[in-house]
Each structure stands twice: as C-alpha cells, then as structure tokens.
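A.B. asks: Quick one: the structure is below, and I'll ask about it shortly.
The values are calculated or read from the model by the stated rules, or taken from the named source; none is laboratory data. From a predicted model like this one, the values you see are computed outputs, not experimental measurements. As a convention, Cβ positions derive from the backbone with ideal geometry for all residues, glycine included, and neighbour counts pool all protein chains shown. Calculation scope for accessible area: heavy atoms of the full protein, side chains included, ligands and nucleic acids excluded. Shrake-Rupley method; radii C 1.70, N 1.55, O 1.52, S 1.80 Å.
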Amino acid sequence: MWAAPSIFENCGTQTLASSHDSGAFFEKGTTTVTMTSTDGSNNSTTHTFSVTIEDTEDPTLTGTPLDMTMTADPGSCGALVSWTAPTAADNCPGEQLAESHLPGDTFDVGTTTVSFTATDASGLSVATSFTVTVTDDEAPTYTGAPASQDLSSDPGSCGAVATWAAHSNSDNCGVDSDTSTSASGDFFELGTTTVTMTLADIHGNSTTHEYSITVTDTEAPMIHDLPASMSQTAEASTCGATIMWPAPTTTDNCPGATLSSSHQPGDNFPVGTTTVTYTSDDANGLSTSASFDISISDDEAPAYTGAPASQDLSNDAGSCGAVATWAAHSTSDN
C-alpha cells in the first residue's frame, strides 16, 4: 500500500493513470509501477517506482519418519530398510527435496543418520533427519568343530597326545577371535579333559563349543629281574629249606604301581615244588603276574633207634627150634 500522490496543474483539469493500484498483489521479485498524469492540453508527466517482493518464508517438511531400530538380515551385515519420505511444501512453487538415503537402501550395522533437505526456488531451505540403527544379533558359526575322543595312553606315557583336524568359522559381519583352551597336538593326562572353544564376532556375539578328550591307561605294569626256578636239597634233619633270592622290581607308565608276593625271601619251603608268584598292580586297576618254582628234594634216609641185635639161642626143650624175643625199636626221619 502507498498513499495516493497529489497533482498540481496550472490549467485546470488533469487525469492520473497507474500501472498498479495501491493494495494490488505483487509477485515475488521486482515490479516497476508507472504513474502518468495528463492535463487537458495533453501534456503528461510520468513517475515510476519499483516494488520488490522478497521470499523470506522457509519451506516446510512434514511426515519425517521416527528413528528406527532393527536386526540385520540373516546372513547379512546390514538390513534393507524402507520408509515413507516426508513431504516438502513452500509458499512459492518450485521446492525440491534432497535425501541422503532412499527407501529400500541397505544399511550397515550401526547407526546411520538419514537426512532430508527441502530447498525452495529462493534458496531457502529446511532440514530434518531420523536415525536407522541396525544391530547384529547373529552369532558366528563353526564348521568342522572337533568331536570328543576316547584315547589309550601312549606307550610308556601316563597320558596321550590328541590331534584333530583344523576347523573353519564364519560370521555375517566378521570374526574377531577364535580361541580354545587346548590345541591339537597337546598332551592330555589320564581322565577326561573338557576343551572349550569360544568364537566371537566383531559386535560381541559369541558361540561356544565344548568337547572332551578321555585318556584311559591300557598299559599294564612290568615286573623285572624275576628269579629263575630253583631246586635245593632239604636242610639236614629238616623236611624243607630256607630259600633266599633277590626280590624283583616293577615299573609302570603311571606312578603308583605296587608289588606283592605269595612268598618272601628267607621263607622256609617244604619238600616238593612251591610256586612263588609276584603281582604288580598299578593305580589304574591294571595288573601283571609272574612266577617261578622252588623245588625241595629229600635225600636223607630214615634212621632206627634201638634196633635188635643178633641172637644165638638153644632150641626150646622138646622143640626143634626156639622162640626169640627182643625189645621194640623206634624209627625217625627228617
């Protein structure tokens, strides 16, 4: 709006014409208003001025999506995400909407900001955004993880070396660590040992695999330096003999073997054959026995005590012979 101008004319009547009236609507930009004053003699005066309209109203964005959180797609380290884009509007036509991401894009694990900017024809702009958070909930996996084993102890050893084939692993986003409490080629003591494997991915998900190595002692103890069988004559005036020998020894792959015997050096053995047996028992219930014979022979003849002497007798009266008598004797033997 503007105030109407006043006109002075020296000769009477005049007219005033204008290209625009006060109170008219002007489009954005600069418009020239031309005013012409004409008198009765057809003399005229022209006056111009400009009206400049500047757009100071920002465009608007409505319908911005809310922040989203979702799990990564199976087997993928991200997720396909869709949304309805916001709507841009402006007081002047020609607004444009720019987007950092499009509905249907795949988003990596983590938090991504999706931004929108509406810009109008006058260069005014407004921005808005929301976040897409994708979480990795998929644990890593083993391929060819070892199985439990039952092993016999290695010869001469109180345990066994266990070996197994190498395994592989995989994860939708990436493996961070693959650890185990034991490695192939390790030595395992007798009994059952649990091996625990732990596989972790780069986002803190983990998988555990357990298996057992059981080692059994199958090696019996050994007896060394067992005496050979022996023969001996009974000792004088006895029906046997005292026999001495060096005691054997025992060894085993595991500590704790004990040696026992049916007879001990220095025992008295009767006439005849006696078997001496040594038994070695280890700590795991395995046993070994070995034996030798001791034979005692009796080479001593029995003896008389008070044996009758020879007699010279006359025949009994009226008999062609005689009754002979003698004292009873005794006998002894070893």
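A.B. asks: Could you please find all residues in the range 286-306 being touching a strand residue (DSSP E or B) at 6+ places or on another chain (Cβ under 9 Å) and over 30 Å from SER261 (Cβ atoms)?
C.D. replies: Of everything in the range 286-306, those that are touching a strand residue (DSSP E or B) at 6+ places or on another chain (Cβ under 9 Å) and over 30 Å from SER261 (Cβ atoms) turn out to be PRO302, ALA303, TYR304, THR305, GLY306.
A.B. asks: Sticking with this one: For the range 53-62, name all the residues that are at pLDDT 85 or above and either touching a Pro at 6+ places or on another chain (Cβ under 6 Å) or assigned to a strand (DSSP E or B) (or both).
C.D. replies: Those that are at pLDDT 85 or above and either touching a Pro at 6+ places or on another chain (Cβ under 6 Å) or assigned to a strand (DSSP E or B) (or both): THR60, LEU61, THR62.
A.B. asks: When the range 86-103 is examined, which residues are found to be surrounded by 14 or more Cβ atoms within 10 Å (Cβ to Cβ), at pLDDT 95 or above and part of a loop (DSSP other than H, G, I, E, B)?
C.D. replies: Within the range 86-103, PRO86, HIS101 meet the criteria.
A.B. asks: Might you check whether a residue that is open to solvent by 40 Å² or more (accessible area, probe 1.4 Å) and under 29 Å from ILE202 (Cα atoms) occurs anywhere in the range 150-158?
C.D. replies: Checking the range 150-158: not a single residue is open to solvent by 40 Å² or more (accessible area, probe 1.4 Å) and under 29 Å from ILE202 (Cα atoms).
A.B. asks: May I pose another question? State whether one or more residues within the range 299-315 are assigned to a loop (DSSP other than H, G, I, E, B) and either in contact with a Cys (Cβ under 8 Å, 6 or more places away or on another chain) or under 30 Å from GLY191 (Cα atoms) (or both).
C.D. replies: Scanning the range 299-315 turns up no residue that is assigned to a loop (DSSP other than H, G, I, E, B) and either in contact with a Cys (Cβ under 8 Å, 6 or more places away or on another chain) or under 30 Å from GLY191 (Cα atoms) (or both).
A.B. asks: Another question about this same structure. Inside the range 232-241, can you point out the residues that are open to solvent by less than 60 Å² (accessible area, probe 1.4 Å) and polar (S, T, N, Q)?
C.D. replies: Once the filter is applied, which keeps residues that are open to solvent by less than 60 Å² (accessible area, probe 1.4 Å) and polar (S, T, N, Q), the range 232-241 yields only THR238.
A.B. asks: For LEU16, work out the one condition from (1) surrounded by 13 or more Cβ atoms within 10 Å (Cβ to Cβ); (2) at pLDDT 95 or above it doesn't fulfil.
C.D. replies: The single condition LEU16 does not satisfy is (2).
A.B. asks: Within the set of pairs 6 or more residues apart or between chains, which connect a residue that is within 16 Å of SER115 (Cβ to Cβ) inside the range 88-104 to a residue that is open to solvent by 60 Å² or more (accessible area, probe 1.4 Å) and not in a strand (DSSP E or B) with Cβ atoms less than 8 Å apart?
C.D. replies: If the second residue must be open to solvent by 60 Å² or more (accessible area, probe 1.4 Å) and not in a strand (DSSP E or B), the pairs left are ALA88/GLU95; PRO103/SER82; PRO103/THR84.
A.B. asks: Another one. Condition first: outside any loop (DSSP other than H, G, I, E, B), open to solvent by less than 50 Å² (accessible area, probe 1.4 Å) and not aromatic (Phe, Trp, Tyr). Now tell me which residues in the range 253-289 satisfy that.
C.D. replies: Within the range 253-289, SER261, GLY272, THR274, VAL276, THR277, THR279, SER280, THR288 meet the criteria.
A.B. asks: A further question follows. Considering only the range 35-43, I want to know if a residue exists there that is within 30 Å of ALA88 (Cα to Cα) and surrounded by 12 or more Cβ atoms within 10 Å (Cβ to Cβ).
C.D. replies: no
A.B. asks: Picking from SER50, SER115, which residue would you name as being within 30 Å of ILE202 (Cβ to Cβ), of a type in the set (S, T, N, Q), outside any loop (DSSP other than H, G, I, E, B) and at pLDDT 85 or above?
C.D. replies: Only one candidate passes the filter, namely SER115.
A.B. asks: OK, next. Looking at ASP120, ASP108 in this structure, which one is open to solvent by 70 Å² or more (accessible area, probe 1.4 Å), touching a residue at least 24 places away in the same chain (Cβ under 8 Å) and over 11 Å from LEU61 (Cβ atoms)?
C.D. replies: One residue alone meets the criteria, ASP108.
A.B. asks: Considering only the range 160-252, give the strands (runs of 3 or more DSSP E) lying wholly within it that have at least 3 residues that are over 30 Å from THR141 (Cβ atoms) and either in contact with a Phe, Trp or Tyr (Cβ under 6 Å, 6 or more places away or on another chain) or in contact (Cβ under 8 Å) with a residue 24 or more places away in the chain (or both).
C.D. replies: Hits in the range 160-252: 222-224, 230-233, 240-242, 249-251.
A.B. asks: Could you tell me whether ASP201 is acidic (Asp, Glu), modelled with pLDDT of 95 or more and open to solvent by 60 Å² or more (accessible area, probe 1.4 Å)?
C.D. replies: Answer is no for this residue.
A.B. asks: Examine the range 124-146 for a residue that is modelled with pLDDT of 95 or more, within 30 Å of CYS254 (Cβ to Cβ) and either in a loop (DSSP other than H, G, I, E, B) or open to solvent by less than 40 Å² (accessible area, probe 1.4 Å) (or both), and state whether such a residue exists.
C.D. replies: Taking every residue of the range 124-146 in turn, at least one turns out to be modelled with pLDDT of 95 or more, within 30 Å of CYS254 (Cβ to Cβ) and either in a loop (DSSP other than H, G, I, E, B) or open to solvent by less than 40 Å² (accessible area, probe 1.4 Å) (or both).
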